[in-house]
Amino acid sequence: MKKFKLTLGLLVITFVALVIYQNRAYFFAKQTLSLVIVPEKFQWTAPAIENVAYFGTCLIIGILIAGYIGLVSKFRSMKNIKQLNKTIISQNDTIESLKAELETFKQNNYLEDGSTNNENFLPESDQILVENQDTNYKQEEVQQSVNLNKA
């Protein structure tokens with residue numbers, strides 16, 4: 001990939017040099033720039049410079065602007081990366097503390113005696129109601145299936 005970029009860059013430079021060489025009458029002709037802010041009050045005229053100097057100046061200004069924008073975006077990215085790394089570190093600390101807390105709960109005798117079943121936490125009257133509801137539902141289901149078979 002590095003050789004490809006180098007070759008492509010050389011081709012572009014060769015093409016630009018060829019265009020300038022073939023049109024050297026235009027590029028080496030001298031031009032003046034004038035600036036008029038308020039008619040007849042302020043007028044400024046630059047000394048005569050070759051057109052290739054104007055093109056080169058515009059190219060350098062463009063490179064400087066693009067470099068500034070790239071530098072600013074790089075600093076923003078670095079700031080964003082630092083913030084995200086801080087977030088990762090804090091989340092890893094939270095995960096480690098939660099794992100340690102989970103280990104303490106796993107080692108607790110309350111959970112080891114098999115009382116993790118939710119039905120053991122319900123009062124006796126609620127367990128009976130749940131069991132009666134399940135059996136009533138099954139009886140209704142059986143009656144519906146019987147009625148469907150008779151029809």
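Each reported figure results from applying straightforward, stated rules to the coordinates on display, with no laboratory input. Being a predicted model, the structure only gives us computed values, none of them experimental. All Cβ positions, even for glycine, are placed from backbone atoms using ideal geometry, and neighbour counts span all protein chains on display.
Which loop trypsin sites (Lys or Arg not before Pro) in the range 1-78, with loop taken from DSSP, have no more than 12 other Cβ atoms within 10 angstrom of their Cβ?
Of the trypsin sites (Lys or Arg not before Pro), the ones in loops of the range 1-78 whose Cβ has at most 12 other Cβ atoms within 10 Å are Lys41.
Find, among the chymotrypsin sites (Phe, Trp or Tyr not before Pro) in the range 17-76, those assigned to loop by DSSP (not H, G, I, E, B) with at most 15 other beta-carbon atoms within 10 angstrom.
When the chymotrypsin sites (Phe, Trp or Tyr not before Pro) of the range 17-76 are filtered for loop state and at most 15 Cβ neighbours within 10 Å, Phe28, Phe42 remain.
Report the extension gain between Glu50 and Thr7 in nm, rounded to one decimal, defined as 0.36 nm multiplied by the number of residues separating them, less their alpha carbon distance. Spell out each step's value before the answer.
Details: separation 43, 0.36 × 43 = 15.48 nm, distance 2.99 nm.
Going from the current span to full extension adds 12.5 nm.
Run the paramagnetic zone check for Phe15: 7 angstrom along Cα to Cβ, then residues of the range 33-72 with backbone nitrogen under 18 Å.
59
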